[in-house]
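Just below is one structure, and these are the notes that go with it.
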Amino acid sequence: VRFPEDLEDDNTTFNPEYSHQVFGDDEVAFGYKGLKILLYYIAGNLSTLFRIEYTSKVNEKFDCVEADDVESKIREIIPPGFCTNTDDFVSLLEKEVNFKPFGMLLHTYSVHNEDAGEDIMYQIYKADMTCPGFREYHERLQTFLMWFIETASFIDVDDERWNYFLVFEKYNKDGATLFATVGYMTVYNYYVYPDKTRPRVSQMLILPPFQGEGHGAQLLETVHRYYMSSPTVLDITAEDPSENYVKLRDFVLVKLCQDLLCFSPGKLMQGFSQEMVTEAQQKLKINKQHTRRVYEILRLRATDMGDAEQSRSYRLDVKRRLIGPYKKKQRELAKMRRCLRPEELTNQLNQIDLNMQHEQLEESFQQLVSEYRRVLERLAQA
């Protein structure tokens, strides 16, 4: 909500992707007709208005069943101090002009908005719990995780090893410049013996009204650039990354790596090398596993897949990596031959059909190539 009229505007409304963490696996609230759970957030500081509306509700006295206590379920995830009536919320909205982003400005960029017909300015900040008011703001911000990240949990903000990166949009209201929350990322700094740290991305969320505009890539690249300048950082990883995050990371890391000398077309065609691993880690804080994916994507770009020899060479190179798990199965099979009785061995052999392995390997390769092509298409448009 930026203006009072946004309260009635369905275009500013968005629905949760998940509600099982609040309402159970069936995502059901029992005992209501026409139930609406309404959560409004002021665009910048995320002050909250919470209301429940329904046309009717079961009654324990007459219906002998009790409706779910929806209000207490929501209260468990939103911090106290929220508004329950619109007038109080609108009066807070009038003070929004005083809200300023927390922490240190890292990056400013603009995105062209077709509807507005102009470029809109965005800024990325790094904050921590010492910033006045940030703790309370973060409590409101993290409530979005429950609705948009499938296995979300709230973090321990008293642990000083957390870093917070925030994206804000700058917009004008009555001649003043205001800020709206776009999204954020939390990063935990793990200790690596003897004197390094390994920042690990824990949570990343761009709010639905801003998705598909490139903010995730801007945020991830800014975070990488922030840690790249630190001599104590070993490399940057992610905790249990989603499929979408992996796609985003592929794009950002390829964009960062493509100008390194070790990824020149000539060197790419010679195969994956220790030089790539070393340079990507030292200059860009990228680990070996991610560097290998970057190499495969950039080598695909440098390969003429219409040329039978080049295409075969690329396919074998990627499949040599993909075959690792299958080779492990074959080593296990060799052990089984020595240890198992014939009927047990037959049973295990049925599960490890070599033809099926080749089919799965080819399928994995084709899927990977199509993912890589999407990264290269996006890179070409960047």
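The values are calculated or read from the model by the stated rules, or taken from the named source; none is laboratory data. The model shown is predicted, which means the values in this text are computed figures rather than measured ones. Here the Cβ positions follow ideal geometry from the backbone for every residue, glycine too, while neighbour counts run over all protein chains shown. Surface accessibility is based on the protein's heavy atoms, side chains included, excluding ligands, DNA and RNA. Shrake-Rupley method; radii C 1.70, N 1.55, O 1.52, S 1.80 Å.
Points worth noting:
- Extension gain from THR12 to ASP119, taking 0.36 nm per residue of separation minus the Cα-Cα distance: 36.5 nm
- Loop sites in segment 36-118: trypsin sites (Lys or Arg not before Pro), DSSP, at most 14 other Cβ within 10 Å: LYS95
- The chain - percent of accessible surface contributed by carbon and sulfur, probe 1.4 Å: 47
- Using a probe of 1.4 Å, the accessible surface attributed to ASP235 totals some 10 Å² when neighbouring protein chains are kept in position.
- Given charges at beta-carbon only (K, R positive; D, E negative), |dipole| of the chain in Debye: 2500
- Sorting GLU8, GLU239 on solvent-accessible area from highest to lowest, probe radius 1.4 Å, gives GLU8, GLU239.
- With DNA, RNA and ligands ignored, accessible area of ASP10 (1.4 Å probe; Å², nearest 10): 130
- With DNA, RNA and ligands ignored, accessible area of ILE323 (1.4 Å probe; Å², nearest 10): 50
- For the chain, Kirkwood radius (reciprocal of mean inverse C-alpha pair distance, Å): 24.6
- Exposed chymotrypsin sites (Phe, Trp or Tyr not before Pro) absent - longest run of the chain, DSSP non-H/G/I/E/B, at most 15 other C-beta within 10 Å: 155-382
- Coil-residue trypsin sites (Lys or Arg not before Pro) of segment 161-241, DSSP, other Cβ within 10 Å capped at 16: ARG161
- Helical mean residue ellipticity (222 nm; -39500 (n - 2.57) per DSSP H run of 4+; nearest 500) of the chain: -13000 deg cm²/dmol
- Note on ASP63 and ARG374: the extension gain reaches 106.4 nm, defined as 0.36 nm multiplied by sequence separation minus the Cα-Cα distance.
- Each Lys or Arg adds one and each Asp or Glu takes one away; over the other residues whose Cβ falls under 9 Å from the Cβ of TYR54, this sums to +2.
- Antiparallel bridges, percent of DSSP beta bridges restricted to segment 4-96 (to nearest 5): 90
- Spacing of the two label points (7 Å from each Cα toward its C-beta) at ARG51 and LYS283, in nm: 5.6
- In this structure, the pairs whose alpha-carbon distance is over 20 Å, taken from LYS255/LYS283; LYS126/LYS173; LYS255/LYS285, are LYS126/LYS173.
- Computed across segment 141-296, the Kirkwood hydrodynamic radius from all distinct Cα-Cα pairs reaches 17.1 Å.
- Virtual spin-label span in nm between ASP304 and ARG321, 7 Å along Cα→Cβ: 2.4
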